[in-house]
Every structure is written in structure tokens, then in C-alpha cells.
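Chemist: Questions regarding the structure given below will be posed in turn.
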Amino acid sequence: MPKSPIAPRGATAPAAQTLYLECESGISGDMVVAALLDLGADEKAMRSALASLPLDGYKIRVTRKVANGIDCCDFDVVLDAAHENHDHDMAYLYGDLDGAHERGHVHGEHHHEHHHEHRTLADVLRVVDAGSLTPGASAIAHRTFDILAAAEAKAHGVPEGEVHFHEVGAVDSIVDVVAAAVCMDSLGPADVVVGPLAEGHGRVRTQHGVLPVPVPAVVNIAAACGLTLAPRDAKGELVTPTGAAIAAAARTAGALPAAYAVRSVGYGCGKRAYEPRSMVRAMLLEARDAAPAAAGGMPAGAGVLVKLETEVDDCTGEALGNALGMLFSAGAREAHYVPVYMKKNRPAYQVEVLCTQDLVPAMERILFEQTTTIGVRRHPVERTALPRRMAEVQTPLGTARVKVVTLPSGAERAYPEHDSVVALAEAAGVPYQEAYRVVLAAAPAGE
């Protein structure tokens with residue numbers, strides 16, 4: 001299928017682009033990777049990053065398939081006999097759920113003919129960090145695994161560091177997450193929007209035993225990160241924990257532009273023999289004005305967000321810092337807290353969060369569960385947002401990422417990405433400020 005050309009990362013783009021993941025028939029890690037590759041992600045960079053991981057027992061196969069009459073990309077992690085996990089075996093997943101297979105489950109573990117590595121979160125992150133990933137790809141992979149670990153920990157009632165979870169420990173899941181992170185990073189969209197995740201019903205056999213659909217990890221991810229699940233009249237698991245975690249980690253916006261041009265489209269098909277076959281459609285979109293602005297109306301680039309506010313005078317700094325991290329992971333556009341004085345001159349903090357309307361329930365849940373507040377105010381706020389894009393620049397210390405903002409005059413201004421600067425500073429053994437200056441000097445010229 002011919003593709004529209006995508007501007008190389010770091011090249012001048014006419015406007016910021018939004019990546020839209022449409023999940024009308026479900027989502028899994030391999031479907032996301034396939035859709036991003038079909039969209040134009042750098043397959044060579046993905047293969048190089050995977051080859052750099054201290055991981056064996058698999059090979060990668062990228063092919064074309066026709067699913068539901070649509071020409072799709074198929075990303076396949078082909079496991080050797082020692083690592084096979086029956087993930088695409090419909091008889092294993094759905095056959096005889098109350099019979100002989102279940103006699104092999106003891107305390108949530110499935111004992112069958114193959115040995116599986118039950119890695120902890122720390123084990124998985126060591127594999128990721130040992131590879132040659134860009135700072136951006138590494139950050140996406142870390143967020144994905146953190147979200148998965150939190151979901152599994154809640155499902156099994158253990159601390160995140162003690163989770164020995166099967167799916168994230170499995171070779172194909174690590175490959176899926178890293179491949180998706182590298183592909184996402186290579187496309188460099190300004191924002192990522194994830195549509196409702198179509199989900200089936202019934203039960204499915206997993207390495208934790210027979211579980212209801214959606215499985216507990218998917219439910220926990222949806223609740224913590226504000227993902228929308230859309231029930232379908234289909235028997236089976238259409239949303240995998242890995243797919244849901246990738247969606248939650250990548251998403252930065254809650255709604256599509258009011259009007260847009262489609263710059264490129266990619267389709268990724270699934271492996272399980274559902275009818276119709278599951279697929280993810282990925283699109284790169286460029287915002288357009290829906291109509292000329294009316295007198296007194298908001299200018300192009302404007303938008304409405306929701307501001308949440310609350311004050312706490314009995315919450316520790318550590319708890320507030322943890323809450324901020326969770327708010328950002330769940331998709332907050334901004335979150336911070338400032339010192340205030342309450343009645344009787346009690347010192348306290350005011351917590352402020354900016355998010356899209358669809359994320360309000362998830363944000364409020366985090367505030368109520370992770371801080372000591374008993375009430376949250378909310379009101380809409382208008383904003384004017386400048387177009388922006390992500391770009392890579394080459395510096396004497398290595399490759400870095402910058403955010404390039406287009407001013408109303410048409411001039412551009414660059415801002416080094418914090419995580420990228422930190423990674424360069426650590427790798428080169430130089431102070432943060434020095435690395436920041438080096439990245440800024442290599443960024444596109446300003447006004």
C-alpha cells in the first residue's frame with residue numbers, strides 16, 4: 001500500500017502532527033508495532049534496538065497480510081520452543097476452561113511443558129537499559145513497564161517490586177514494548193491520541209489461570225490511566241495488558257483536533273483467529289481550522305482544558321511527589337503544587353492539575369487515593385497553544401531530542417527535552433547545565 005512521505009525527524013514540518021491510534025477491534029503490542037511500521041516508523045532503527053538487548057529465544061518477522069479485506073502489516077515475534085507461551089493458540093486460550101488444563105494451576109501459576117522466566121520489574125528494566133535505545137524510546141518503554149507493574153501489583157495484592165509477572169517477563173512482551181517505543185519515538189508526533197479500546201467478553205486462559213475478560217490488569221490500567229473501554233458483542237480478549245499499557249504510556253492528549261488532514265495511515269493486524277480479525281489503525285494527522293474564527297471567538301490553536309484544584313495541609317512531600325508522577329503518567333497536561341496559607345495561618349500546598357475533560361475522573365481518583373484531600377474543585381480554562389514538534393539534533397555529546405515551537409511570527413524556538421539532557425549528561429559524565437547548553441547550541445536557530 002503506498003504511503004504518504006513522512007518528514008524526517010528534525011526536519012522542518014509545516015505543522016505539529018498528532019498520532020491517532022484507532023482501536024475499534026482491540027489492541028495488542030504486536031498490532032501497535034505493525035501499525036506504526038506501516039505508518040512509516042523506522043524499521044531499521046527498531047531492529048537495531050532489539051538486537052542490542054541482552055535477550056534471545058526469538059526472531060522478528062515483518063510481512064504483509066490481508067485482514068478483513070485490508071492490506072495490513074504483520075509484526076511477528078517468532079519464539080523458539082523454550083519460550084513459546086501459547087499467546088496465539090485459540091484452543092489453549094479458550095478451550096476446556098473448566099477442565100483438565102486448570103488442574104495444572106497452583107496459586108496462580110500454570111505448569112506446562114515449557115519453562116517461562118518470571119522476571120521482576122527491575123529485571124525487565126535492566127534488559128531495556130542494557131540496549132541502545134534513544135532517551136525518548138527508553139522513556140516510553142519505562143513508562144509502559146511501570147504501568148504494567150502497577151496494574152499487576154494491584155491485581156495480585158503485592159508491592160510492585162515483588163511482582164513476578166509472566167507477561168512482562170515473557171520475551172515477546174519485552175520485544176513488543178521496546179519495538180513500539182522505538183517506532184513511536186522515530187515518528188516523533190507532537191501528541192498521541194488513543195481511541196476507545198474495543199473489548200470482548202467471556203473468559204480467557206492466561207498464565208495466571210482462567211480470568212474474566214477484560215482481565216484484571218487491563219481493568220486496572222484503564223482505571224488508573226483513564227483509558228476508555230468499549231464493549232463489543234465478541235467473545236474473547238481483544239485488549240491485552242501489553243497493548244493497554246503501551247496505549248496508556250504513549251497517550252498525551254484526550255481528543256482529536258476539531259479538523260485535520262490525514263498525512264499517513266498504517267494498519268497492523270493481530271494473530272488470534274477472531275472474526276472479524278483484530279487490527280489497529282494508526283494515522284498521522286495535521287490540525288486544520290474547522291472554520292474561520294468568528295469575531296470575539298478563540299484564535300486558531302486555542303483549546304479548552306479542565307483545571308483541578310485542591311489544598312492539603314496534612315500530606316507529606318513524598319506523597320505529593322508520588323501523586324504528581326502518577327498524574328503525569330495518566331495523561332495530565334500539567335501538574336504542580338505551590339505553598340499556600342490556609343485558615344489560622346496553617347501552611348499547606350495547593351495542588352493544580354490541567355487535563356482534558358475525558359481524563360477528569362482518572363485525575364480525581366489519583367488525587368483522592370494518593371493524597372489526603374477530601375474535595376477537588378474543577379472548572380474549564382481556555383488556552384492558546386503554539387504549534388510544536390519533536391526533533392532530534394546531533395551534539396558533541398550524542399543525539400538529543402528538542403521540542404521546537406513555532407511562534408506567531410513564523411519563527412521557531414527550541415527547548416531541550418529534560419530526559420534527553422539527563423541521559424547525555426550521565427553518559428558523558430558532565431554537569432546537567434553543560435549538557436543543556438550543548439543541546440541548545442545544536443538546536444534549530446531561534447528568532
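The values are calculated or read from the model by the stated rules, or taken from the named source; none is laboratory data. This one's a predicted model, so the numbers in the text were calculated from it and none came from an experiment. Counting neighbours? That spans all protein chains shown, and the Cβs are built from the backbone with ideal geometry, glycine included. Accessible surface areas use protein heavy atoms only, side chains included; no ligands, DNA or RNA. Shrake-Rupley method; radii C 1.70, N 1.55, O 1.52, S 1.80 Å.
Chemist: Of the peptides 279-288, 424-433, how do they stack up when ordered by the mean number of other Cβ atoms within 10 Å, highest first?
Modeler: 279-288, 424-433
Chemist: Report the accessible area of Tyr349, computed with a 1.4 Å probe over the heavy atoms of all protein chains in place, in Å² rounded to the nearest 10.
Modeler: Result for Tyr349: roughly 90 Å² accessible.
Chemist: A further question on this structure: Enumerate the amide H contacts of Ser25 below 5 Å, restricted to partners 5 or more residues apart or on another chain; note that Pro and chain-start residues carry no placed amide H.
Modeler: Amide H neighbours of Ser25, under 5 Å, 5+ apart: Ala198, Met279.
Chemist: To the nearest 0.05, how large is the calculated FRET efficiency for Met342 and Thr316 if R₀ is 25 Å and r is the Cβ-Cβ distance?
Modeler: That pair, Met342 with Thr316, gives E of 0.90.
Chemist: Tell me which residues come under 5 Å, amide H to amide H, from Thr395 once H is placed; ignore anything under 5 positions away on its chain.
Modeler: Correct list: Ala400.
Chemist: If you don't mind, another one. Tell me the accessible surface of Met326 in square angstrom (1.4 angstrom probe, heavy atoms of protein chains only), to the nearest ten.
Modeler: 70 Å²
Chemist: For a protection proxy built on the mean count of beta-carbon atoms within 10 angstrom, sort 403-416, 32-45, 176-189 highest first, please.
Modeler: The packing order, highest mean first, is 176-189, 32-45, 403-416.
Chemist: Now a separate question. Note the full-extension length gain between Tyr415 and Thr63 as 0.36 nm times their separation in residues minus their Cα-Cα distance, in nm to one decimal.
Modeler: Gain on stretching Tyr415 to Thr63: 122.9 nm.
Chemist: Could you check the simple spin-label distance between Asp123 and Thr228, using points 7 Å along Cα→Cβ, in nm with one decimal?
Modeler: Computed distance between label sites Asp123 and Thr228 equals 3.8 nm.
Chemist: How do the peptides 316-322, 141-147 rank, highest first, by the average count of neighbouring beta carbon atoms within 10 Å per residue?
Modeler: Per-residue Cβ counts within 10 Å, averaged per peptide and sorted highest first, yield 141-147, 316-322.
Chemist: Only residues of region 44-67 count here: report those whose backbone N is under 15 Å from the spot 7 Å along Cα→Cβ of Ala130, or say none.
Modeler: Within reach of a label on Ala130: 50-58.
Chemist: So which lysines pass the test for Lys235, namely a Cα distance under 28 Å, with those fewer than 8 places away in the same chain ruled out?
Modeler: Lys65, Lys154, Lys271
Chemist: Okay, next question. Quick check: residue separation of Gln357 and Arg383 times 0.36 nm, minus the Cα distance between them. What number comes out in nm?
Modeler: So the chain would gain 8.0 nm between Gln357 and Arg383.
Chemist: State to the nearest 20 debye the size of the charge dipole of region 168-259 about its Cα centre, where the only charges are +1 on K and R beta carbons and -1 on D and E beta carbons.
Modeler: 280 debye
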